[in-house]
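One structure is given here, and the rest of the page talks about it.
The values are calculated or read from the model by the stated rules, or taken from the named source; none is laboratory data. The structure displayed is predicted, hence computed values, not measured ones. Quick reminder, even Gly has a Cβ in these numbers, built from the backbone with ideal geometry, and neighbours come from all protein chains shown. Just so you know, the surface numbers come from the protein's heavy atoms only, side chains and all, with ligands and any DNA or RNA stripped out. Shrake-Rupley method; radii C 1.70, N 1.55, O 1.52, S 1.80 Å.
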Amino acid sequence: MKLIAGNWKMNLTPSETREYLSKFLPLVEDISDREILLCPPFTSLCVAYELLRESKVKLGAQNCHYEQKGAYTGEISLNMLKDLGVSYVIIGHSERRWIFGESDELINKKLTACLQGNIRPVLCVGERLEEREAGLTFKVVETQIRLALSGIEHYTDSIDIAYEPVWAIGTGNPATPEDAQLVHAFIKDLLHQINPQHAGKTRVLYGGSVNPKNAGDFMKMKDVDGLLVGGASLDPESFAQIVKSF
């Protein structure tokens, strides 16, 4: 089943979340042939869970810590997230990598913890502009995936991967659907090498300046299994249009 995910990043208060969902849920209540995922900030998870638990829309978090508990000020554990009805966690988003300095080793620990905690991770990978211009897109993406999956290669069927070219995120300058298809096909071939037993069972999403006008074009591509939407997911009507775009 295709997956359409909204990453709200550091936006929307609990009261704004309640207002959003009151508008969004009626717009998608009849949709059952694709999975819908919303990832609010931590402060809105309680409100979101309250309103989503009777719906088909899944709840996700934008980050987590790899330990179950401990002296980690400002962090949140997977047990805490599960208690709030969270079933997905975004791991390794480019903003976590490049703004907050998350390493491939840390991302691997978080992925491993998600698998152990029975929460499905959405692993984000993608190249920066200078890497793209240097012809390093495939090398960067392969390195990120191999390091992230180190030691957990046999569990690729329990992970989704989002290809998010860093140069396209929030810039209004997305990759073309054809560019995305090339990278998605490469990722699927790589996953087949890594874990032939579960080949084809990992959804590969595209993210990076997705909007209602281009979402359908991305979803027409053979190897695009869904979308990870940023800014355009902050408006309930806009995000509903994206969900219905194919």
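Quick one: what are the phi-derived ³J(HN,Hα) couplings along the range 163-173, Karplus 6.51/-1.76/1.60 with θ = phi - 60°, whole Hz, x for glycine and proline?
8, 10, x, 4, 5, 9, 6, x, 9, x, 10
To the nearest 20 debye, what is the magnitude of the charge dipole of the chain about its Cα centre, counting +1 on the Cβ of each Lys and Arg and -1 on the Cβ of each Asp and Glu?
320 debye
Once the other residues with Cβ under 12 Å from the Cβ of S245 are scored (Lys, Arg +1; Asp, Glu -1), what is the net sum?
Neighbour charge sum, excluding S245 itself: +4.
How compact is the range 159-246 by the rule of thumb for globular proteins, expressed as Cα Rg over 2.2 N^0.38 Å?
1.08
May I ask which residue of T202, S150, H184 lies farthest towards the positive end of the charge dipole of the range 119-226, with charges of +1 (Lys, Arg) and -1 (Asp, Glu) on Cβ and the Cα centre as origin?
T202
So who's got an amide H within less than 5 Å of the one on V229, skipping anything under 5 residues away but keeping other chains? H placed 1.01 Å off N, in plane.
Amide H neighbours of V229: A5, G6, N7.
Greater than 22 Å separation of Cα atoms is the criterion. Which listed pairs, K23/K244; K23/K56; K220/K244; K9/K220, meet it?
Going by Cα-Cα distance, K9/K220 fall outside the 22 Å limit.
Counting only Cα atoms, I'd like the Rg/Rh figure for the chain, Kirkwood definition for Rh.
Checking Rg against Rh, the ratio lands at 0.94.
Towards the positive end of the charge dipole of the chain, with charges on Cβ (+1 Lys, Arg; -1 Asp, Glu), say which of Y49, P212, Q241 has the farthest Cα.
Y49
What lysines could a cross-link reach from K69, if we take a straight Cα to Cα line under 17 Å and drop same-chain neighbours fewer than 8 places away?
Within reach: K82, K109, K110.
What are the ³J(HN,Hα) values, in whole Hz, obtained from phi via the Karplus relation 6.51 cos²θ - 1.76 cosθ + 1.60 with θ = phi - 60°, for each residue of the range 83-99 in sequence order, with x given for Gly and Pro?
5, 9, x, 6, 10, 9, 9, 6, 10, x, 4, 4, 5, 6, 5, 8, 8
Take the solvent-accessible surface of the protein heavy atoms, probe 1.4 Å, and return the percent of it on the chain that carbon and sulfur atoms account for.
50 percent
Out of the range 84-145, which chymotrypsin sites (Phe, Trp or Tyr not before Pro) are coil in DSSP terms and have no more than 16 other C-beta atoms within 10 Å?
F100
Averaged per residue, what accessible area in Å² does the range 33-140 show with a 1.4 Å probe, protein chains only?
50 Å²
From the phi of every residue in the range 229-243, what ³J(HN,Hα) in whole Hz does the Karplus formula 6.51 cos²θ - 1.76 cosθ + 1.60 yield, where θ is phi - 60° and glycine or proline is x?
Values per residue, Gly and Pro as x: 9, x, x, 6, 8, 7, 10, x, 6, 4, 5, 5, 4, 5, 4 Hz.
Under a Cβ-only charge scheme (Lys and Arg +1, Asp and Glu -1), can you give me the dipole magnitude of the range 1-143 about the Cα centre, in debye to the nearest 20?
So the magnitude is around 220 debye.
Between the range 107-132 and the range 189-246, how far is it from one alpha carbon centroid to the other, in angstrom?
Using only Cα atoms, the two centres lie 16 Å from each other.
Rounded to whole Å, give me the distance from the Cα center of the range 14-77 to that of the range 147-185.
The distance from the Cα centre of the range 14-77 to that of the range 147-185 comes to 22 Å.
Determine the shape class of the range 28-137: with a ≥ b ≥ c the square roots of the Cα gyration tensor eigenvalues, call it rounded for a/c under 1.5, and otherwise prolate if a/b is greater than b/c, oblate otherwise.
The shape class here is oblate.
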